[in-house]
Structures are given as structure tokens and as C-alpha cells.
Amino acid sequence: MKKIFAAFVIFLFFVASLFAQSEPNGESESASVKDVVISAGDVCLVNMIFNSCARIVLEEEYSQTTLSTMKENLKSRWVWDKDGYFMNQFGHPYQGSLYYGAGRSNGLDFWQSFFIAAGGSFLWEEFGETTTPSVNDIITTPICGAIVGETLHRLYLDANELFPALAWLLSPADGLNSAIKNKRTYVSGRTEEIDFIFHGGMDHSFSEVSDSLDSEHKKKSAGGCEFHIQYGVQDAHTSKEPFDLFTADLDLTVSSKRYYNIDFLIDGFLYSQGLYFENSEGTLGVNLMYDGKKTKEMAFSNAAVGVKYIGTKKTSDFDGIFRFSAQLDGIFMGTRSLYPVMNNVKVNFSGPDKLNPPRYYDFTYGILAKAGFLLGNSFFGTLYGDVESSFVLPYLSSELEEAEGEKHFLIQTKLGYEHKIAKHFTLGLRDSFIYKVDCLKNGIDSTQKFNTAQIYVKIVFARD
């Protein structure tokens, strides 16, 4: 392990030397060795803050690090951890976004900041906690952290023009370094549309296990809000930087008895090329995405990279638009909950695991396919829909002892209609359906179905 660590340090110095030789991009100045050093210092500060908060405020056992625990971690074999969904799929991507933001706020580009995030994650796994270094964390933290971090970095730059006093909440590293250095970072692209959606409706779930006569039906009224962001123009887009075209969604639904439903998505282009045809235009490129869902009955997520196409056809005679999209992605870090295990996890909200209950899901890899359409007209309104399917397998040696997963299948569909009633207001209705099958090595299969029907009001802020 010492040789690996030494090689890692040498690699960082090599990358730093490349940073110093990079050419200016647009109006931004090229990153220097000084910028890399400051970024590394910011990363160390982030790790110190996380460790101190866990040690002093939360009194978590994993934060009681000493020189002996650090030496032990350097000699340990990396494992798949047993942390819960919120810790691994929300906590670590956000922590990685802070590492990544340390690079971006100091003038480093997308890929340079990714290496900074990878270094921060490595330091945390080896020296920031007492638990054995985690394979899934060293993947999720820098990669999903880069996805989240680049999104927040770009939103910060736009928000800083309108609400400079509050913009730092989106990206603390950007706010801190901007205040200290009084140096602005420039990027290609801008936020084109922000939607605030307030919805209400019915959620219906059904779960069953193949070896049991028991099944579970739940039906409840629920309401919530959603945020949708379109960054960059989708029509015939040729990228200048990674993620100068992306879509982001965050949806929170709540009901009685601590019921909740969280959906999230960030899907952006690492590289894209605009295409022009006789009656239409399109965007073809390599996309990087992170999406998922968490309810009390199911949980899943996908970190994937692949190929995506967006085609657009506009008809000036009828003020109409037809847009369709298709993508094929390889899932390199997915999660799929195992219902028999998840159903037996009882969180003691006053106990030691209240912030991080035991893991009840597999770490997976596989394939994802998605297609969608939008057909709109100012008079008739807009009809839209999409379908997404995925097939994944558990990573070797990552299976849970309680129930070893064998394969997982998931399909999601959505169909909706909306109509603009005023300049910034739209009314709509939509229905979504999820079908999830999890097969275990002991021959037991679990099937889950989740249906949501909603009516909503959407407040739209779009650039002219």
C-alpha cells in the first residue's frame, strides 16, 4: 500500500505540472501551480471540517482518527462499505462536490478539478476516518462529486450576478475563494430556464416476495415541490467545455407517517457536436449522468456514461416543436435496494445509526437505455413522456450477507400534458410508473411497482 500511496503522490505532482502548462481558455486565466496548491489546501480544510464536526458535534466513532488508524488504513485492503443510502448516494457526492469546487473556484478546469476531487477522496478514505477504505466511495465521491460540483459551480456563477449575498450557499468554495482572491471564473453557457413545480396527487405502491404469500399495498395522498433547471441550449449544441449543456431535476414528495419520495437527476454532456439537417437539427455527444430515487420502500441510483442524442424540429407555421431524445449508457456505479432486506431495516431515530442506517442495497454495474419526446404547440399545449430501462449485476464481493443479489431489472415511464395559462404559469398533469425486479442467489425474487398520478402548477423563468 505504501508503494501505491507514493505513486499517487507522484501522480499528483505530475498532474500539477501539466496544470501549470495549460493554455488560457476564453477569458479565464490558465491554472498555475499556486492555484493547485491553494486547491489542495482547500481540500485539506474540507476534510478537517468534516472530521471535526463528526468528532466533536456528532461524536461519531469513525471520526476518532489517530496515527495508528491512519497507518492501519494504509495497509488495509479496500472493501465495499455497509453505509446507508443517504450517506453513500447523497453525502459522498456532496463531499466530493466540495473537493471539486475547491479546484474550480481556483481556476482549474473540469478534468483538473476532477483529479483534485479524487485526491481529496483518497485522503479522506485513508486518513479522515477509522473505517477501512471503501471501493464504492473512491468511485462515487470524485465522479458524482464532479457532476454535482460542476452543476453547482455554474449555477453559482449565474446566481452571483443576481444574488451575490446568497450565491455562496450553492458553492461555498466559490464564495470563499471569490471573496479572498477577488477573481472571477468564466465558463461557456448559462442557465436558460428554471422551473418551480408544486404538485399533489396519489402514490400507490405494491411489493411482494416470491417465496411468501404476503404482499404489501400502500396508497396515500402526497404533495411536494420540484426544481427543474435547463442549462445551455439543447438545439444543435457544440460544446466548448464539459457540462455547458445539462439538465438537473430535484423532486421532494412528502405525506403522513414519515412517508417521503426523493427523485434526482443531473445529465450533462462531456462533449457534444451540433448537427444540422434539412428540416431539423440535433445534438450528439458523450453524456455523464447521475440519477436516483429514494422512498421508504425502494431505493436505486445510476452513475453512468454513454452516448446521447437530442433532435429538434420546429414548425413556424403552427408555432410548434417536436423534440426527441435517446441515449445508451453504461452504469459504472449503480445501487439497487433489496426489498426483503430493506423491509426489515428499522431505524432507531434516537440510536447510534439514526444518521446512517445499515446498507440494504447492492452496488451494481450494467446498461441503461432511455428515450423521450416532447410535442408542443402554443394553442394545444405540450404532451411529453419518456421511458428508461436498466439491467444491472452486483459487483463481485459487494453482495450483502443477508441476501446476495444476482441480477436486477428496472423500468421507468412517465407521460404528461401541460398548458401555459400565463407568461410564467403552466398547469399540467402527469403519471409515472416504476417496475422493479430483484433476483437473489437463493432463488427468491422480489417485485415492486410504484405509480404516481399528479396535477401540478409550474412557475417558469426562462430567458427570451
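The values are calculated or read from the model by the stated rules, or taken from the named source; none is laboratory data. Keep in mind it's a predicted model, so treat the numbers as computed, not measured. Note that each Cβ is placed from the backbone with ideal geometry, even for glycine, and that neighbours are counted across all protein chains shown. What goes into the accessible areas is simple: the full protein's heavy atoms, side chains included, and nothing from ligands, DNA or RNA. Shrake-Rupley method; radii C 1.70, N 1.55, O 1.52, S 1.80 Å.
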For Gly320, the residues 5 or more places away or on another chain with a placed amide H closer than 5 Å to its own amide H are Thr315
With label points set 7 Å from each Cα along the Cα-to-Cβ direction at Leu58 and His424, the distance between them in nm comes to 3.8
Checking segment 385-450 for trypsin sites (Lys or Arg not before Pro) in a loop per DSSP with at most 16 other beta-carbon atoms within 10 Å yields Lys423, Lys441
Among Lys314/Lys420; Lys407/Lys449; Lys414/Lys449; Lys240/Lys370, the pairs whose Cα-Cα distance exceeds 20 Å are Lys240/Lys370
Dividing the helical contributions, -39500 (n - 2.57) per DSSP H run of n ≥ 4, by the residues of the chain yields a 222 nm value, nearest 500 deg cm²/dmol, of -8500 deg cm²/dmol
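Would you kindly state the longest site-free stretch of the chain, with sites defined as GluC sites (Glu not before Pro) in a DSSP loop (not H, G, I, E, B) surrounded by at most 15 other Cβ atoms within 10 Å?
With GluC sites (Glu not before Pro) excluded where exposed in loops, the chain gives 60-277 as its longest stretch.
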Trypsin sites (Lys or Arg not before Pro) in segment 126-230 lying in a DSSP loop, each with at most 15 other Cβ atoms within 10 Å of its Cβ, come to Lys183, Arg184, Arg190
Counting sequence-distant residues (5 or more places) and residues on other chains, those with an amide H built under 5 Å from that of Glu404 are Lys441, Asn442
1/(1 + (r/R0)^6) with r = Cβ-Cβ of Lys82 and Glu216, R0 = 25 Å, i.e. FRET efficiency to nearest 0.05, evaluates to 0.50
Computed over the chain, the relative contact order (Cα-Cα under 8 Å, seq sep at least six) in percent reads 11
Full extension between Lys314 and Ser378 adds, at 0.36 nm per residue less the Cα distance, a length in nm of 21.8 nm
FRET efficiency (Leu270, Val233; Cβ distance; R0 22 Å; to 0.05) is 0.80
Among (i) 25.0; (ii) 23.7; (iii) 22.2, the entry matching mean projected area of the Cα convex hull in nm² as calculated here is (ii)
Filtering trypsin sites (Lys or Arg not before Pro) in segment 58-99 by DSSP loop and by at most 11 other Cβ atoms within 10 Å leaves Arg77
If R0 = 45 Å, then Ser255 and Leu74, at their Cβ-Cβ distance, give a FRET efficiency to the nearest 0.05 of 0.45
Heavy-atom accessible area of the chain with neighbours in place, 1.4 angstrom probe: carbon+sulfur share in percent works out to 64
Residue-normalised value, i.e. accessible area per residue, for the chain at 1.4 Å probe, in Å², stands at 49
Contour minus Cα-Cα span, Trp111 to Tyr417, at 0.36 nm per residue, comes to 106.2 nm
The answer for the longest stretch of the chain without any exposed chymotrypsin sites (Phe, Trp or Tyr not before Pro) (DSSP loop, at most 14 further Cβ atoms within 10 Å) is 1-185
